[in-house]
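Data first, discussion second: the structure below is written as C-alpha cells.
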Amino acid sequence: MIGVGWVLGPLPRLLSRDPVGQRAVRGVAAALLTVIAGFHVAVFQYRYAQQSVPLGTGRDRVLVDPVRAEALGRVVQDLDGTGLLPDESLLVLPEGIYLNYLVRRRSPTPVLNYMPIEMTLFDEDEVLGALQLRPPADVVWISKDIRSEYGVEFGESYARRIMQWLEAEYRPSDRYDGGEFAGRPFTVRRWTPR
C-alpha cells in the first residue's frame with residue numbers, strides 16, 4: 001500500500017503541468033470504471049436470470065432460483081397450514097425476514113437478522129432474553145454460507161448461547177432439501193417446541 005502511494009502520490013502534481021497527460025489518465029480511469037461497471041451488470045443479469053420460480057402469490061410474489069424455491073415453497077406452505085394464531089411469532093435464523101412476511105408472522109425480537117453484524121450491534125444476551133421472554137411458536141433455519149462471507153459460523157463462532165437455547169427448547173421437526181446452491185447443499189429446517 002505504501003508503494004502504491006509512493007508511485008501515485010506525485011501523479012497529480014506532475015499531471016497538473018501536462019493537460020494531455022491529464023486527459024490520458026482521465027480516459028484510462030473512465031475506461032477502467034466502464035469495464036468494472038459492465039462486469040457487475042453482467043453478473044447481476046446472470047444472477048437475476050437464475051431467479052425464475054415464483055415464491056408467494058399476488059403482490060407478495062418474488063422470484064427465486066429453482067434450488068431455493070422448492071425448499072422455501074414447501075416450508076411456506078407447511079407454515080401456512082399449521083394454524084398458528086395471529087399473535088404467535090416465527091424465528092428465522094440466521095436471516096430470512098421475508099419468510100416472516102410471506103407467512104404473516106412477526107419476529108419474536110426487534111432484531112430482523114441474526115448475522116454476525118447484527119449480533120455485533122445487538123448484545124447477544126439481550127436478544128436471548130427477548131427470545132426467552134417471548135419464545136417463538138416455530139423456528140426455521142435457512143442454510144447460509146456465513147463462513148465464506150464472514151469467516152464465522154452461527155452457533156460456533158458467534159451466537160453460541162442462542163444456539164444452545166434453541167437446541168434445549170426446540171427439536172428439529174421437518175427438513176426441506178432444495179439441492180445444491182452456490183456449491184453447498186441448500187436446506188431449510190423447521191424446529192418446534194419440545
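Here are the numbers:
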quantity: Accessible area of the chain belonging to carbon and sulfur atoms, whole % at 1.4 Å probe; calculated: 59 percent
quantity: Cα centroid of the stretch 34-93 to Cα centroid of the stretch 123-168, whole Å; calculated: 22 Å
quantity: Percentage relative contact order, the stretch 36-194, counting C-alpha pairs under 8 Å, at least six apart; calculated: 22 percent
quantity: GNM result for the chain, Cα springs below 10 Å: residue of PRO136, PRO54, PRO94 fluctuating most strongly; calculated: PRO54
quantity: Cα gyration tensor category, rounded, prolate or oblate, for the stretch 31-127 with a/c compared to 1.5; calculated: oblate
quantity: Gyration tensor (alpha-carbon) shape descriptor, the stretch 120-194, a/c threshold 1.5; calculated: oblate
quantity: Per-residue ³J(HN,Hα) for the stretch 146-159, Karplus 6.51 cos²θ - 1.76 cosθ + 1.60, θ = phi - 60°, Hz, x for Gly and Pro; calculated: 6, 4, 6, 8, 10, x, 9, 10, 4, x, 10, 8, 8, 6
quantity: Read-out percent of Cα pairs over 29 Å apart, derived from the coordinates shown; its label in [x] 42; [y] 28; [z] 19; calculated: [x]
quantity: Chain lengthening between GLU169 and GLU153 when straightened (0.36 nm per residue, less Cα-Cα); calculated: 3.7 nm
quantity: Bridge type composition, the chain - antiparallel percent by DSSP, nearest 5; calculated: 75 percent
quantity: Rounded, prolate or oblate (a/c below 1.5 giving rounded, otherwise prolate when a/b exceeds b/c) for the stretch 143-186 by Cα gyration tensor; calculated: oblate
quantity: Sparsely packed GluC sites (Glu not before Pro) within the stretch 119-170, loop by DSSP, other Cβ within 10 Å at most 12; calculated: GLU156
quantity: Loop-located trypsin sites (Lys or Arg not before Pro) in the stretch 59-112, at most 12 other Cβ atoms within 10 Å (DSSP); calculated: ARG61, ARG104
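The values are calculated or read from the model by the stated rules, or taken from the named source; none is laboratory data. Just so we're clear, the structure is a prediction, and the values are computed from it rather than from any experiment. Cβ coordinates were reconstructed from backbone atoms using ideal geometry, including for glycine residues, and neighbour counts include every protein chain displayed. For the accessible areas, the whole protein counts, side chains as well, though only heavy atoms, and no ligand, DNA or RNA atoms are used. Shrake-Rupley method; radii C 1.70, N 1.55, O 1.52, S 1.80 Å.
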